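Notes for the one structure printed next.
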Amino acid sequence: MGPGPSDVSPRVLAALSRPTIGHLDPAFQDLMEEIKAGLARLFHAPDHVCVPLPAPGTAGMEAAIMNLLEPGDLAVICVNGVFGTRMVDMAGRAGAEVIAVEDAWGTPVSLDKVEAALSGGRRAKVLAFVHAETSTGVRSDAAGLCALARRHGALSIVDCVTSLGGVPVDAAAWDADVVYSGTQKCLSAPPGLSPVALSKRAVAAIAARKEKPRNWLYDIGLLMSYWGGEGGRTYHHTAPINALYGLHESLVAFFEEGEQAVFVRHARMHESLVAGLEALGLEMLAAPEHRLPQLNTVKVPEGIDEAKVRAYLLERWDLEIGAGLGPLKGKVWRIGLMGASASPWHVRLCLTALAEALAAQGFAGARDAALAAADARLGA
Ligand SMILES: *Cc1c(COP(=O)(O)O)cnc(C)c1O
């Protein structure tokens, strides 16, 4: 129950163990088409090119930045947590000039600041931001930010690694250009794949580059010789066959449950967990209106050794939660309710274990009150 990987369901684990076949086997090519269609549905991106890159979420970030930016291009990048900082580093490596728009960790990206940055003298080629900041548990206004990018003639890059599958992601409604994610968060598949969606505008911008992208594996033009399928597939890299079985199965499970049902489940488990944590005497970091249901950032109470609490949970309860990063190091815990880990059982497990770990350090929160508040919230 940390910031990912989340629990992988038995059906996805079973899919991973199917026999490995060739990456150009006709049966596998059928599966590739189903995965592309599933991703297009998941991203709400019927007119985007959707493919899973053969590496974790950071691959999507790297592909977006390295394909869209060339030396000398201007990029406006929003930083309100760890992952915005990583995008700034990558854009610099691509040779771009970067304007970083900074907001305090624990708050969303400010549209006013982004508007001001985009209104500067020179046209920005790219606006990049993180939809769901996993380091803080905060959601930013993706629709508003993509609209600003459009108005200023910039291509948008949206990090949906933690948001996809937990809260609505709608590439078509946002008119977003490159949206990327990872499999180990709300999709509840193992880490190792990065689904991406690219708009027609993004594909055209990549085709119009003056020089080739500087990384070969994620060069979208080359990659599509394998994933595109039109006019026949040719070898580009050996696809991670079994990992793709797992992604396929997690997409099937997602649509069997139903998109709205999945989002409602995440929201309900979040409300239940927060009710329990507050009854225990703990406080959330983010303001209620910006909170992500799938990533709950809880303040460490005064006088508590936070690392000891995490060690206790792992040793006594086999339960992992996340630590704070950067300026939040030592100050918060990050509790994931992602995908298969968003269940009443997980909420109760976490509250029970956390109450016990805190009590071991003399903290006076009552476990029974926490469980009662969590259950009451679920109507249980
Ligand atoms: C986890 C995460 C990433 C990086 O994904 P990896 O799979 O660890 O490479 C990027 N952005 C956000 C918002 C994340 O939560």
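Bear in mind that the values in this text are calculations on the coordinates, not laboratory data. As the structure is a prediction and not an experimental result, all values here were calculated from the model. Positions of Cβ are generated from backbone atoms using ideal geometry, with glycine treated the same way; all protein chains shown enter the neighbour counts.
Please determine, in degrees from 0 to 90 and to the nearest 10, the orientation of helix 344-359 with respect to the longest principal axis defined by the Cα atoms of the chain, where the helix direction is its Cα long axis.
60 degrees
In segment 237-378, with Lys and Arg counted as +1 and Asp and Glu as -1 at Cβ, which of these residues, 340, 370, 282, has the Cα nearest the positive end of the dipole, that is, farthest along it?
The listed residue farthest towards the positive side: 282.
For segment 196-287, what percent of Cα pairs sit more than 21 Å apart?
The share of Cα pairs beyond 21 Å in segment 196-287 comes to 61 percent.
Which lysines have a Cα less than 18 Å from the Cα of residue 331, not counting those fewer than 8 places away in the same chain?
299, 308
Report the percentage of all Cα-Cα pairs in segment 13-169 whose separation exceeds 21 Å, rounded to a whole percent.
So the pairs more than 21 Å apart make up 50 percent of the total in segment 13-169.
I'm a student and want to see the number: the projected area of the Cα convex hull of the chain, averaged over all directions, in nm².
18.5 nm²
Show me, bin by bin at 5 Å from 0, the whole-percent P(r) of segment 4-54 based on Cα pairs.
Histogram of Cα-Cα distances, whole percents per bin: 5, 16, 17, 25, 23, 13, 2.
Using the alpha-carbon centroid of each, what span in Å lies between segment 147-181 and segment 257-326?
For segment 147-181 versus segment 257-326, the Cα centre distance is 26 Å.
If we count every other residue with Cβ under 12 angstrom of residue 199's Cβ, Lys/Arg +1 and Asp/Glu -1, where does the sum land?
So the surrounding residues net to 0.
In straight Cα distance, which aspartates and glutamates are under 15 Å from residue 200, not counting same-chain residues fewer than 8 positions off?
Correct list for residue 200: 47, 175, 177.
Most fluctuating residue of 30, 47, 368 in a GNM of the chain with Cα springs under 10 Å: which is it?
Result: 30 has the largest fluctuation of those listed.
Might you report the magnitude of the Cβ-based charge dipole of the chain about its Cα centre, with Lys and Arg at +1 and Asp and Glu at -1, to the nearest 20 debye?
520 debye
So what is the 222 nm mean residue ellipticity for the chain from helices alone, if each DSSP H run of at least 4 adds -39500 (n - 2.57) and you divide by all residues, rounding to the nearest 500 deg cm²/dmol?
-13500 deg cm²/dmol
At a Cα cut-off below 19 Å, give the lysines reachable from residue 113, other chains included and same-chain residues fewer than 8 away excluded.
Here the lysines satisfying the reach criterion relative to residue 113 are 125.
From the backbone phi of segment 180-192, what are the Karplus-calculated ³J(HN,Hα) couplings (6.51 cos²θ - 1.76 cosθ + 1.60, θ = phi - 60°) in whole Hz, Gly and Pro given as x?
9, 8, x, 8, 8, 9, 6, 7, 6, 10, x, x, x
Cα centroids of segment 1-62 and segment 339-379: how far apart, whole angstrom?
33 Å
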